[in-house]
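*Asks:* Okay, handing you the structure first.
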């Protein structure tokens, strides 16, 4: 049985490494430490065969901890975990006696292979290449740049190239890749001066969902949602106070358009007077509050009208209009036809497409 000590300040990384060994049925006892000082103490008590050591951690650096552990347990094997921007540290670690290094994001295959190489005479299964992620450093760099410079749509587009929707991936490898990709994204965004605590909490929540996920489709959705949320945070960071207030107002309308909401409700939500919000809202959107709310409701109504199981009166109520006659009048103003005519066109288009 192998004794492993995993040292990383991120809970989800340690959890992921445990997960890999469990999924691959590797006979191992795994202990954890979240900083260099704790690693030294755990190594002295646990006497592991191998230490998997993050090279950069708060407090004592991984290099220093590794050097101390190696001096007290000379035959121990140390595998350094390092990110792209810490690559020079990995070479320094090897010079100081580390046995190997793994470049983050860590694939299960590389992880097990490194452990296998460190343990002379032990033969462990290596994960097959089928479903492996094809790494493209240019695309990854472009993804990070898009997030950093607030190009959300571009970021999602690049993610689609890295993880195509029509391709299945090895679940374990994909989980490891996404956990580490999130960590890299957060480091980039924190460097912009954005609230680290909020971002760390967002990352931890998403990473826990990733480790519990059981399909590559759901995993890809999680990382896409994460990128959108981070991009929104970056966008908010770059906005002026006026722009930020209008964005919050639009979000409130988006989430509450089906209810009876008034300008004063939105103003209260964004902590502004109704008069001031009305003025800046018109400046930023080109529409007053009522026009924007009606446009949003009619936009949603068009989607519902395509559902033939819903009556037009039910559609009216679902988008916030109790009075069907008033709904029809507003719909005609914004869509250029009555709801019944709009549904008729949908039916006709479906008939044409099916013929």
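*Asks:* In the range 50-140, which strands (runs of 3 or more DSSP E) lie fully inside it and hold 2 or more residues that are modelled with pLDDT of 75 or more, surrounded by fewer than 21 Cβ atoms within 10 Å (Cβ to Cβ) and touching a strand residue (DSSP E or B) at 6+ places or on another chain (Cβ under 7 Å)? Before you say what the answer is, go through the steps one by one.
*Replies:* Details: elements: 50-54, 77-82, 100-103.
Counting at least 2 such residues, we get 100-103.
*Asks:* Which of the residues that make up the range 147-168 are without any contact (Cβ under 8 Å) to a residue 60 or more places away in the chain and surrounded by 20 or more Cβ atoms within 10 Å (Cβ to Cβ)?
*Replies:* Within the range 147-168, just 158 meets the criteria.
*Asks:* Report whether or not residue 231 is surrounded by 15 or more Cβ atoms within 10 Å (Cβ to Cβ), assigned by TED's automatic domain parsing to the domain that holds residue 192, in contact (Cβ under 8 Å) with a residue 12 or more places away in the chain and in contact with a helix residue (DSSP H, G or I) (Cβ under 6 Å, 6 or more places away or on another chain).
*Replies:* Spelling it out, residue 231 is indeed surrounded by 15 or more Cβ atoms within 10 Å (Cβ to Cβ), assigned by TED's automatic domain parsing to the domain that holds residue 192, in contact (Cβ under 8 Å) with a residue 12 or more places away in the chain and in contact with a helix residue (DSSP H, G or I) (Cβ under 6 Å, 6 or more places away or on another chain).
*Asks:* Given (1) farther than 28 Å from residue 147 by Cα; (2) modelled with pLDDT under 95; (3) part of a helix (DSSP H, G or I), where does residue 242 come up short, assuming only one miss?
*Replies:* Looking at each condition in turn, residue 242 falls short on (1).
*Asks:* Something else: Every residue in the range 185-197 that is on the phi < 0 side of the Ramachandran plot and either in contact with a helix residue (DSSP H, G or I) (Cβ under 7 Å, 6 or more places away or on another chain) or not in a helix (DSSP H, G or I) (or both), please.
*Replies:* Residues satisfying the conditions are 185, 186, 188, 189, 190, 191, 192, 194, 195, 196.
The values are calculated or read from the model by the stated rules, or taken from the named source; none is laboratory data. Note that the structure is a prediction, hence the values are computed from the model and not measured. Cβ: placed from backbone, ideal geometry, glycine included. Neighbour counts: every protein chain shown.
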